[in-house]
Amino acid sequence: MNALPYVPDLETIDPSLDLHAEIARLRVKRKAVVLAHYYQEPEIQDLADFVGDSLQLSQAAAKTDAEVIVFCGVHFMAETAKILSPSKTVVIPDLDAGCSLADRCPAEAFAEWLKQYPGHEVVSYINCSAGVKALSTVICTSSNAVRVVESLPAEKPIVFAPDRHLGKWVMAQTGRNMVLWPGFCIVHEQFTAKRVAVLRAQYPDAKLIVHPECDATVSRMADFVGSTAAMLKFVAERPERQFIVGTEAGILHQMQKARPDAELIPIPADSGCNCSLCPYMKLNSIEKLYLCLRDLKPEITLDESTRLQALKPLERMLSLG
Ligand code: 13P
Ligand code: SF4
C-alpha cells in the first residue's frame, strides 16, 4: 500500500514561536538555501536567499552548494532543482502547488500525441513535468525560448509544448512554424484585450508590459513582452512612471522596490476574483516554509531513469547560457 502523502499540519506549530527567527536558525542548521519565485508572497520573497524567474532559479539550483534546497515556487520548479541536483534534499512548502500548464500535459498523453510528429525536435517550456521533459529535445523558459528555438537547425520541424501562447509568440519572433500542444496558463489567459484597451485609455502615458504566456491579442498590444525577470528589468530601467503589468501580481513587490516612484497597474483577470494571482503559487506560506525546514518534508523524489532522461534537455538549455 502507498504511504499517505505528507500534508503540512499547521497545528503542530508552537504559536509563541517567532517564525522568522526560527526559519533563520533552521536554515543554518540544515545548511539550506531558500529559493523563491517572483510570484511568491512578499513575506517569502523578502526572506529568501535568492528570488528569480524560472531560468535564474534553475541556474541557482544547479550551482548551489547547500545541502537542502527549499523551493518556494511550484512543483515543476522544485522538480527541476531535483533533476539538476539529485544528491540534495529538495523540499517545497506545499506539494499541491502545481501549475495548469504542467497539469494539463500528462507525459503519457504527450508521448501518444508526439507519435503524429516523427522527426520533429521537441521544445518544452520548463512548466512541465519531469516525464514531459524526458520526452524533449531541449527545454526553454520564457526568457530564453526564442534563443533556444533559434539554436535548432532551420530545416528541422519543431513541436512546442505545453503553452500555445508562448509558442505562438516564439513563432512570431523567430518566423519558425511550430506544432503547438494546446495548453495555457489559467492566470495569464484571463487577461483580455478588452480589459487592456480600457486601461490604456485610462493611463495613456503608461507602458504596457506583459508575459508571453498571455494571449496574442494582448501581447500584440504590448510595448514589451518578456519573462518576469525581463519585465522587472524593464520597469527598473525605463524613465516612464506608469506601467500596466500583465502577469501574476506577485511581481509587483520587486517592481515597487526597484521603482518606489512608479505607479504599477496590474491587469485584472477577466473573471472570478479579478485578482491576477496564481492559486498554486499562493499555496505556499511562511508557516509551511517553517514546517518544511523543521521536518524536511514534503520532499521531491524522482525515479532515476526519468531524471536522467529529463536532465539531458535541461543541460542542453543551460549550456546555451
Ligand atoms: P518566468 O519564467 O517568467 O518567471 O515565468 C514562470 C511562470 O510560471 C509564469 O507564469
Ligand atoms: Fe503555472 Fe500560470 Fe501559475 Fe505560472 S502563473 S505557475 S504558468 S498556473
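Coordinate-derived values only; no laboratory data. Fair warning: this is a prediction, and the values are worked out from it, not measured in the lab. We place every Cβ from the backbone using ideal geometry, glycine too, and count neighbours over all the protein chains shown.
Taken over the Cα atoms of the range 212-257, the convex hull encloses 73 Å³ per residue. Each of the peptides 225-233, 187-195 was scored by the mean count of other Cβ atoms within 10 Å over its residues; in descending order, highest first, they stand as 225-233, 187-195. The convex hull around the C-alpha trace of the range 207-304, projected and averaged over every direction, spans 9.1 square nanometres.
The phi-based Karplus calculation (6.51 cos²θ - 1.76 cosθ + 1.60; θ = phi - 60°) puts the 3J(HN,Hα) values of the range 270-278 at 8, 7, x, 7, 6, 9, 6, 10, 7 Hz, whole numbers, x for Gly and Pro.
For S142, the shell of other residues with beta-carbons less than 9 Å away shows a net charge of -3, using +1 for Lys and Arg and -1 for Asp and Glu. Within the chain, the cysteines lacking any other cysteine Cβ closer than 4.7 Å to their own Cβ are C72, C99, C105, C128, C140, C185, C214, C278, C292.
Shape class for the range 190-233: oblate, because the ratio a/c of the largest to smallest gyration tensor axis (alpha-carbon atoms, square roots of eigenvalues) is 1.5 or more and b/c is at least a/b.
Equivalent ellipsoid of the range 224-281: semi-axes from √(5λ) of the C-alpha gyration tensor, largest first, are 20, 12, 10 Å. Over the chain, DSSP H runs of length four or greater, each weighted -39,500 (n - 2.57), average out per residue to a 222 nm ellipticity of -11000 deg cm²/dmol. Think of each Lys and Arg Cβ as +1 and each Asp and Glu Cβ as -1; about the Cα centre, that makes the dipole of the range 44-134 roughly 280 debye.
Taken about its Cα centre, the range 24-65 carries a charge dipole of roughly 380 debye when the Cβ of each Lys and Arg holds +1 and the Cβ of each Asp and Glu holds -1. Only beta bridges with both residues in the chain are counted; by DSSP, about 5 percent of them are antiparallel.
Over all directions, the projected convex hull of the C-alpha atoms in the range 282-321 averages 4.6 nm² in area. Amide H contacts under 5 Å for L180: F160, restricted to partners 5 or more places along the chain or on a different chain, H placed in the peptide plane at 1.01 Å from N. Note: relative contact order over the chain, using C-alpha pairs below 8 Å and six or more positions apart, is 23 percent. Each Cα pair under 8 Å and six or more residues apart adds its separation to the average, and for the range 184-233 the resulting relative contact order is 35 percent.
Size descriptors for the range 52-158, from the alpha-carbon set: Rg then Dmax equal 14.7, 44 Å.
Among 294-305, 80-91, 309-320, the peptide with the highest mean count of other Cβ atoms within 10 Å heads the list, and the full ranking is 80-91, 309-320, 294-305. The charge dipole of the range 125-188, taken about its Cα centre with unit charges on the Cβ atoms of Lys, Arg (+1), Asp and Glu (-1) only, comes to about 20 debye. Phi angles across the range 18-26 convert, under the Karplus curve 6.51 cos²θ - 1.76 cosθ + 1.60 with θ = phi - 60°, into 3J(HN,Hα) values of 8, 4, 5, 5, 5, 4, 5, 5, 5 Hz, Gly and Pro given as x. Our coupling estimate for the range 104-111, obtained by passing each phi through the Karplus curve with A = 6.51, B = -1.76, C = 1.60 and θ = phi - 60°, is 9, 9, x, 4, 5, 5, 5, 4 Hz, Gly and Pro reported as x. For the range 144-286, the spread of Cα positions along the three principal axes, ordered from largest to smallest, is 48, 34, 34 Å.
Our note on the geometry: Cα centres of the range 97-176 and the range 215-249, 23 Å apart.
Counting charges near D65 (Lys, Arg +1; Asp, Glu -1) among other residues having Cβ under 13 Å from its Cβ returns a value of +1. Derived value for the range 25-68: Kirkwood hydrodynamic radius 10.8 Å. Basis is the mean of 1/r over every pair of different alpha-carbon atoms.
Annotation: average projected area of the chain is 17.9 square nanometres, based on the convex hull of Cα atoms across all directions. The residue list I251, A48, A32 was ranked by how far each Cα lies along the charge dipole of the chain toward its positive end, using unit charges on Cβ atoms, and I251 comes out on top.
Near A32, once Lys and Arg are set to +1 and Asp and Glu to -1 for all other residues with Cβ below 10 Å from its Cβ, the sum equals +3.
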